[in-house]
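As C-alpha cells, the structure follows; a few thoughts come after it.
The values are calculated or read from the model by the stated rules, or taken from the named source; none is laboratory data. Small disclaimer: the values here were computed from a predicted structure and weren't measured. With ideal geometry, Cβ positions are generated from the backbone for all residues, glycine too; neighbour counts draw on all protein chains shown.
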C-alpha cells in the first residue's frame with residue numbers, strides 16, 4: 001500500500017510537533033512537508049531536538065496552494081483567523097484538510113465572528129466542514145474533505161455530557177462546566193501570563209463567561225438535545241504541562257440511579273475504543289490519560305440536590321488536538337480508526 005503524503009502547517013507549535021511525532025510511526029502516512037513562518041529554512045530537528053536523527057526535513061513556508069498539489073492531506077495547526085482565508089474549494093478538490101484551529105468548528109459564521117472578533121472568509125466551504133469529534137460524527141467524517149478538529153476543552157466537555165443530553169436525562173438549562181487545563185493549552189508562543197513563575201504554585205480562572213470554546217460546546221450539545229442550549233463554562237489554568245479535567249454539573253430530569261445513567265453511557269459509547277467509563281466511585285485523573293487518545297469519564301449522583309456530577313479527563317495535546325487529528329485522518333482515508341494512536345497512556349512518574 002502506498003503511503004499517503006502529509007504536510008503540517010504550523011509544525012513548530014506544541015500541537016504541530018505532537019502531530020509529527022504521532023505520524024512518524026504511522027504505517028500508511030509520510031510527513032513530507034513541515035511549514036513554519038518563524039523558522040523557515042531551519043532543520044526541524046534543530047527546533048525540536050527530540051527529533052534528532054529521526055528526520056532531515058527542513059521547515060518551509062510554502063503556500064497552501066503549492067502544498068495541495070504535492071500532498072494528500074494538510075494539517076493546519078494555526079491560530080484562528082488564518083485557515084478561513086486560505087482554504088477554498090479549489091484546494092479541497094486536490095487534497096483533504098484537517099484544521100486543528102477554530103475557523104471551521106462553528107457552523108454559524110456570525111457566531112464565529114462574535115466570539116473570535118475576526119471576519120470569517122470561508123463561508124463557501126464552511127457549509128461542508130464536518131465537526132471532527134469521531135465518537136459522534138464518524139459517518140460524516142469518513143466522507144469529508146474538510147474536518148474541523150475540536151478544541152481540547154470542548155472534546156472533554158461534550159463527550160462527558162453527550163449521553164445524558166442525548167438521552168434527555170438532565171435539565172440542560174442547569175449545565176455548569178468547571179474545567180482545568182495544563183499550560184500547553186495556551187500554545188508555545190512566549191507570554192508572561194503562562195511563564196513558569198506566573199503559573200507555578202497557582203491556579204486561576206480566566207476568560208470568565210467569555211471563553212471561545214463555549215459556543216462550540218453549546219453547538220454540539222444543542223444538536224444532541226435537538227434544542228438550543230446555553231450553559232456556564234469556566235476554564236482554569238493549572239500548573240501542569242498537559243491535561244484537561246472537566247467537572248460538569250446538572251440537575252437530573254428523573255429519579256435516576258447510577259445504573260440507569262451508566263446504561264446511557266454504554267448505549268452511546270459501548271463500541272468507542274477510546275472512551276473509558278470508570279467503575280462506580282472511581283474518578284478521572286489527568287495522569288491516567290497522559291500522552292494518549294483516551295478520555296476517562298466518571299460520574300456520581302448527588303441525591304441531596306437531585307444532581308449528577310460528571311468528570312472527564314483527556315490529554316489536551318493528544319485527544320484534545322493532534323491524536324484526534326490523526327483519528328480523523330484515519331477515518332477519512334479508510335484506515336483502522338486507532339492506527340498509530342493505539343497507545344496506552346504514559347503514566348506520570
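Out of 163, 150, report the one residue that is part of a loop (DSSP other than H, G, I, E, B), at pLDDT 95 or above and within 18 Å of residue 221 (Cβ to Cβ).
150
Within the range 224-247, which residues are in contact with a strand residue (DSSP E or B) (Cβ under 9 Å, 6 or more places away or on another chain) and over 28 Å from residue 291 (Cα atoms)?
Listed by number, the residues that qualify are 231, 232.
Among the residues of the range 329-341, is there at least one that is crowded, with 24+ Cβ neighbours inside 10 Å and within 11 Å of the chain's Cα centre (by Cα)?
No, the conditions are met nowhere in the range 329-341.
Go through the residues of the range 158-174 one by one and say whether even a single one is touching a residue at least 60 places away in the same chain (Cβ under 8 Å), within 13 Å of the chain's Cα centre (by Cα) and outside the structural domain of residue 77 (by TED's automatic domain parsing).
yes
Taking the condition buried (at least 20 other Cβ atoms within 10 Å of the Cβ) and farther than 23 Å from residue 225 by Cβ, does residue 73 pass?
Yes, satisfied.
Considering each of 56, 70, 42 in turn, give the residue that is farther than 24 Å from residue 291 by Cβ, more than 22 Å from the chain's Cα centre (by Cα), in the same structural domain as residue 117 (by TED's automatic domain parsing) and touching a residue at least 24 places away in the same chain (Cβ under 8 Å).
None of the others qualify; the one that does is 70.
Taking residue 203 as the residue in question, decide whether it is modelled with pLDDT under 95 and more than 24 Å from residue 295 (Cα to Cα).
The answer is no for residue 203.
Can you tell me which residue in the range 122-144 is farthest from residue 324 (Cα to Cα), limited to those that are modelled with pLDDT of 95 or more and surrounded by fewer than 18 Cβ atoms within 10 Å (Cβ to Cβ)?
Within the range 122-144, the match that is farthest from residue 324 (Cα to Cα) is 128.
For the range 231-242, indicate whether the set of residues that are at pLDDT 95 or above and more than 22 Å from the chain's Cα centre (by Cα) is non-empty.
So far as the range 231-242 goes, no, none of its residues is at pLDDT 95 or above and more than 22 Å from the chain's Cα centre (by Cα).
Among (1) touching a helix residue (DSSP H, G or I) at 6+ places or on another chain (Cβ under 8 Å); (2) surrounded by 14 or more Cβ atoms within 10 Å (Cβ to Cβ), which single condition is residue 52 missing?
(2)
Within the set of pairs 6+ apart or on separate chains, which have a first residue in the range 1-14 that is modelled with pLDDT under 90, a second that is assigned to a loop (DSSP other than H, G, I, E, B) and surrounded by fewer than 23 Cβ atoms within 10 Å (Cβ to Cβ), and C-beta atoms under 8 Å apart?
From residues that are modelled with pLDDT under 90, the pairs are 1/28.
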